[in-house]
Amino acid sequence: MVMPSSTANWHWKNKNVTSWAKEWFERELTAIVIEGTEGNVTISSVRIEDGDVELGQRKSKLITIYDIQMKVDWRGATSDGTDVAGKLSIPEVSHEITLDKLSDYVYNWTLDTASSPEVNALFAFVKTRLPPALEAKFAEFPVALIDTHGKDLTVSGQSSLPGTPPPSTEAITATAASASTTVPKPAPVKQSQTNINTSSVVKEATFMAASDDLFGLFTDERRIPSWTRAPAQSAAQADTEYSLFGGGVKGKYVSLTPGKEIVQTWALQSPTWPSEHFATLTTTFEQSSDSTKVTFTLDGVPKGMEDELTRNLEGYYIHGLKSIGLGTVL
């Protein structure tokens with residue numbers, strides 16, 4: 001049976017293409033040559049130090065998800081023939097900067113050659129002329145990413161080629177059943193025995209991702225650092241401890257319902273947070289046709305800390321996830 005394309009492409013798909021991205025940047029950036037009266041410069045090597053590159057598809061919409069750190073070695077010659085070398089560090093090349101234009105690229109320069117008037121003139125020339133050439137390539141990257149890998153995620157609705165059968169109804173049903181499995185909830189969490197007046201903070205955000213994928217980003221120890229930018233510990237099981245933001249937030253999982261809800265105790269490692277006090281963070285996922293609404297409900301917030309915790313949820317959780325491309329559809 002032929003599936004309509006709207007149905008065939010309904011379910012969220014994700015493909016990690018970090019290895020391909022490294023090869024693309026190495027090939028494309030080392031082809032850059034800039035020339036002027038001060039001399040000439042080329043890029044000799046490109047290294048992706050950290051980060052991941054993914055392509056997502058949801059209801060026929062392709063979403064680029066990437067945030068990488070890059071280091072570049074450049075070489076050149078001055079007008080009098082002196083060889084010059086240096087390094088360039090770019091802390092962030094991301095969907096957020098390239099496509100959303102939410103901030104500017106940051107360039108950290110190093111000159112490895114001893115200074116002279118000619119060398120300094122070439123160094124100034126490099127800092128002026130190389131960034132526009134790099135940014136032109138950065139703008140080409142998401143287009144190349146979709147052109148190369150988009151066909152792997154989009155189902156045409158026609159009968160599949162041999163070796164790539166469409167998912168059967170039974171497989172889809174089994175997947176849905178597995179995703180709805182609920183971990184039994186233990187007894188309600190006891191708040192600290194100290195006499196603390198508390199309140200609640202609620203924040204909502206919509207992300208261009210499937211609820212199951214967002215659930216993984218919140219609970220998978222390997223994926224959490226992609227949006228927190230810090231080490232994490234998470235076994236994603238009830239009654240196990242977790243740690244986010246390099247230990248800035250700690251607690252225990254109370255219950256986990258894949259794709260639906262996460263309940264966890266929550267404590268901020270800060271002088272302003274009462275000792276031995278734990279709040280309860282309930283994160284719910286409500287998926288629509290092409291996005292998922294996430295509601296963060298933090299109960300047990302010490303009185304007077306509501307504004308601080310609201311900023312934390314907005315800045316560290318919501319902005320962190322949108323910084324990896326989940327807030328915008330390409």
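The values are calculated or read from the model by the stated rules, or taken from the named source; none is laboratory data. Quick caveat, the model's predicted, so the values are computed rather than measured. Positions of Cβ are backbone-derived with ideal geometry, glycine not excepted, and every protein chain shown enters the neighbour counts. Accessible surface is based on the protein model in full, side chains and every heavy atom, while ligands, DNA and RNA are left aside. Shrake-Rupley method; radii C 1.70, N 1.55, O 1.52, S 1.80 Å.
With a 1.4 Å probe and all protein chains left in place, how much of the accessible area of region 212-312 comes from carbon and sulfur atoms, in whole percent? Intermediate values should be presented prior to the final figure.
Details: 1990 of 4260 Å².
Carbon and sulfur: 47 percent of the exposed surface of region 212-312.
To the nearest 0.05, what FRET efficiency results for residue 47 and residue 147 with a Förster distance of 25 Å applied to their C-beta separation?
In this case the efficiency is close to 0.55.
Could you state how much accessible area residue 253 has, in square angstrom rounded to the nearest 10, with a 1.4 Å probe and all protein chains kept in place?
10
Distance in nm between label sites at residue 235 and residue 319, each 7 Å beyond Cα in the beta-carbon direction?
Reported label-point gap for residue 235 and residue 319 is 3.4 nm.
Using C-alpha positions alone, give me the convex hull volume of region 264-330 per residue in cubic angstrom.
That works out to 92 Å³ per residue.
Among the listed pairs 61/151; 293/322; 61/260; 101/293; 203/322; 101/137, which have their C-alpha atoms separated by more than 18 angstrom in this model? Don't skip to the end; give the middle numbers.
On the way: 61/151 12 Å; 293/322 13 Å; 61/260 23 Å; 101/293 24 Å; 203/322 15 Å; 101/137 15 Å.
Checking Cα-Cα distances, 61/260; 101/293 exceed 18 Å.
Would you please name the trypsin sites (Lys or Arg not before Pro) within region 197-302 that are DSSP coil residues with at most 10 other C-beta atoms within 10 Å of their C-beta?
Values: sites: 203, 222, 223, 229, 250, 252, 260, 293; in loops: 222, 223, 229, 260.
Passing sites in region 197-302 are 222.
For residue 303, give me every one of the aspartates and glutamates with a C-alpha distance below 17 angstrom, ignoring sequence neighbours fewer than eight places off in its own chain.
276
In vacuo Debye scattering of region 221-285, one point per C-alpha: log10 I(q)/I(0) at q = 0.20 Å⁻¹?
Taken in order of the listed q values, log10 I(q)/I(0) reads -0.81.
Are there trypsin sites (Lys or Arg not before Pro) in region 67-105 that DSSP puts in a loop and that have at most 13 other Cβ atoms within 10 Å, and which ones? Walk me through the numbers on the way to the answer.
Values: sites: 71, 75, 87, 101; in loops: 101.
Hits after loop and neighbour filter: 101.
Using a 1.4 Å probe, what is the accessible area per residue for region 227-330, in Å²? Walk me through the intermediate numbers first.
Details: 4320 Å² over 104 residues.
Result: 42 Å² per residue.
Work out the FRET efficiency for residue 19 and residue 106 from their Cβ-Cβ distance, taking R0 = 35 Å, and round it to the nearest 0.05.
Working: r = 25 Å, r/R0 = 0.72.
It comes out at approximately 0.90.
I'd like to know which of 98, 123, 64 lies farthest towards the positive end of the charge dipole of region 58-128, counting +1 on Cβ of Lys and Arg and -1 on Cβ of Asp and Glu.
Farthest towards the positive pole: 64.
Keeping all protein chains in the complex and leaving out DNA, RNA and ligands, what accessible area do you get for residue 273 with a 1.4 Å probe, in Å² to the nearest 10?
20
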